[in-house]
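Reviewing the structure listed below.
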Amino acid sequence: MPAASTEASTPVGAVAAKSLPPLPPTPRSEPLAPGLPGYRRMSLALFAAGVAAFALLYSTQALLPAVSADFGVTASAASWTLTAATGALALFVLPLSALSERFGRRTLMTVSLTVAVAVGLLVPFAPSLEALVVLRAVQGAALAGVPASAMAYLAEEVRPRALIAAIGLFVAGNSIGGMSGRIVTGWASQLGGWRAGLAAVGLLALVGAVVFRLLLPKPRGFTPAPLSPKALGSTVREHLSNPLLLRLYVIGALFMTVFGAVYTMIGYRLTEAPFDLPEGVVGSIFLVYLVGTVSSAASGRLVGRMGRRGALYAAVVTTAAGLLLSLSDSLTAVLLGLVLITAGFFAGHAVASSSVSRTATTGRAQASALYQSAYYVGSSVGGALGAIAFHSGGWAGTVALGLLAVVGVVSITGYGSWSAARAAARGAVG
């Protein structure tokens, strides 16, 4: 009886707590890493998002000679179909990243891709160059929700040690998207004109957006934050006053200046003498983006062996070697030059962007957004100045612009090393 009365007086919950083993930690709070459930789905989803977004963003790049011919405009005028998209993305990425803090990374990426794909299906019907430029600007603004949200999503959901590799896979999706969009538009344009090329890439992006939404896991580490312009301004000022972040932003912009100039003008060079290649073949040249897929995905191992500064120097040397090699009138040499430029650029971009995510301990979405803004400002500047340089000095002028940007990366990285050594020396003396 005493035992029975004791048991009866014990709360049911206490009996259960004593008789059952402790519950394991909920998997929703565990950061993702290779080998854990959800990591592969997340990787594939963001890969698909990168394919869709960057196929759309650069969809007109391989078509610029055809657009110039159809509307009777210069390369500089036609290049605005690219500059408008990348410029709008640079302008809107920061405010949209603030919305992602309130409504969630996955939600914002879904809305961004939906709007961008819808505009992409309208772009082929643009009646004039002006209308095409306006639609491309709207498309770029919509796509702004993808890059900064994706970087912030990864920083929140992935273990720190796996972050560089995860970002490398997302960047690899970017390179596949850029490549596939240019190849699809090139061959479709050769068969049915540039409008058919844009329609084809719109359908490709639609498939990528659907795959993304079906596969991306629900967020585990996201905590909604209220919208506050004052807090946003304070966070932005804090990031811009961080010397390391500021250097990374400029490095990303300079790398993209090289890439934007080279790939905006390469179609004109290859369709003219001495190469005289057809549009479909020129579009296939962008298969070299596969090299970028490999180099960006391998950037984590490169950093492990050489350190971040060493990896940036390796990317710079590779890019510069490619620029110089591309001056040759041999098609084989030009292609090898593009391979080196692409490998160096994507490696440098993956290292710089992942460094931003690791450096920023608060306001990661804004830190990533500022990097993306600088990055796409570099793309717009590279496309615009690349066209001017090409008209002024031919391909040698475009290469000179790229080498100037490369020297800038070396100078900034070297200054960072000098500043770190000086700070360490002061600490030792103190």
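The values are calculated or read from the model by the stated rules, or taken from the named source; none is laboratory data. Predicted model, so just to flag it, every value in this text is computed and none were measured. Don't worry about glycine lacking a Cβ; one is built from the backbone with ideal geometry, like all the others, and counts go over all protein chains shown. For accessibility, only protein heavy atoms count, side chains too; no ligands or nucleic acids. Shrake-Rupley method; radii C 1.70, N 1.55, O 1.52, S 1.80 Å.
Mind listing whichever residues of the range 128-144 are more than 17 Å from S79 (Cα to Cα) and outside any helix (DSSP H, G or I)?
A144
Among the residues of the range 176-229, which ones are out of contact with any helix residue (DSSP H, G or I) (no Cβ under 8 Å at 6 or more places or on another chain) and either surrounded by 21 or more Cβ atoms within 10 Å (Cβ to Cβ) or not in a helix (DSSP H, G or I) (or both)?
Once the filter is applied, which keeps residues that are out of contact with any helix residue (DSSP H, G or I) (no Cβ under 8 Å at 6 or more places or on another chain) and either surrounded by 21 or more Cβ atoms within 10 Å (Cβ to Cβ) or not in a helix (DSSP H, G or I) (or both), the range 176-229 yields T223, S228.
Mind listing whichever residues of the range 86-107 are open to solvent by less than 20 Å² (accessible area, probe 1.4 Å) and part of a helix (DSSP H, G or I)?
Within the range 86-107, T86, A88, L89, A90, V93, S97, A98, S100, R105 qualify.
Determine whether the range 117-131 contains at least one residue that is among the hydroxyl-bearing types (S, T, Y), at pLDDT 95 or above, more than 24 Å from L290 (Cα to Cα) and buried (at least 24 other Cβ atoms within 10 Å of the Cβ).
No: the range 117-131 contains no residue that is among the hydroxyl-bearing types (S, T, Y), at pLDDT 95 or above, more than 24 Å from L290 (Cα to Cα) and buried (at least 24 other Cβ atoms within 10 Å of the Cβ).
So which residues in the range 58-67 are surrounded by 23 or more Cβ atoms within 10 Å (Cβ to Cβ), touching a Phe, Trp or Tyr at 6+ places or on another chain (Cβ under 7 Å) and farther than 17 Å from F125 by Cα, if there are any at all?
Q61, A62
Please tell me if V158 is surrounded by fewer than 22 Cβ atoms within 10 Å (Cβ to Cβ), within 16 Å of A45 (Cα to Cα) and among the hydrophobic types (A, V, I, L, M, F, W, C).
No: the conditions fail for V158.
Among the numbered criteria (1) closer than 23 Å to A53 by Cα; (2) of a type in the set (S, T, N, Q); (3) open to solvent by 10 Å² or more (accessible area, probe 1.4 Å), which single criterion is violated by T235?
Result: T235 fails condition (1) only.
Check A253 against each of (1) within 18 Å of the chain's Cα centre (by Cα); (2) surrounded by fewer than 18 Cβ atoms within 10 Å (Cβ to Cβ) and name the one condition it does not meet.
(2)
So that you can scan it fast, the table gives a plain yes or no per residue for (1) loosely packed, with under 15 Cβ neighbours inside 10 Å; (2) over 21 Å from the mean Cα position of the chain (by Cα); (3) among the aromatic types (F, W, Y):
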{"site": "A314", "(1), (2), (3)": "no, no, no"}
{"site": "G337", "(1), (2), (3)": "no, yes, no"}
{"site": "A347", "(1), (2), (3)": "no, no, no"}
{"site": "T361", "(1), (2), (3)": "yes, no, no"}
{"site": "L370", "(1), (2), (3)": "no, no, no"}
{"site": "A396", "(1), (2), (3)": "yes, yes, no"}
{"site": "L401", "(1), (2), (3)": "no, yes, no"}
{"site": "G414", "(1), (2), (3)": "yes, yes, no"}
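Can you tell me which residues in the range 68-85 are part of a helix (DSSP H, G or I) and either surrounded by 20 or more Cβ atoms within 10 Å (Cβ to Cβ) or hydroxyl-bearing (S, T, Y) (or both)?
Hits for the range 68-85 are S68, S76, A78, W80, T81, L82, T83, A84, A85.
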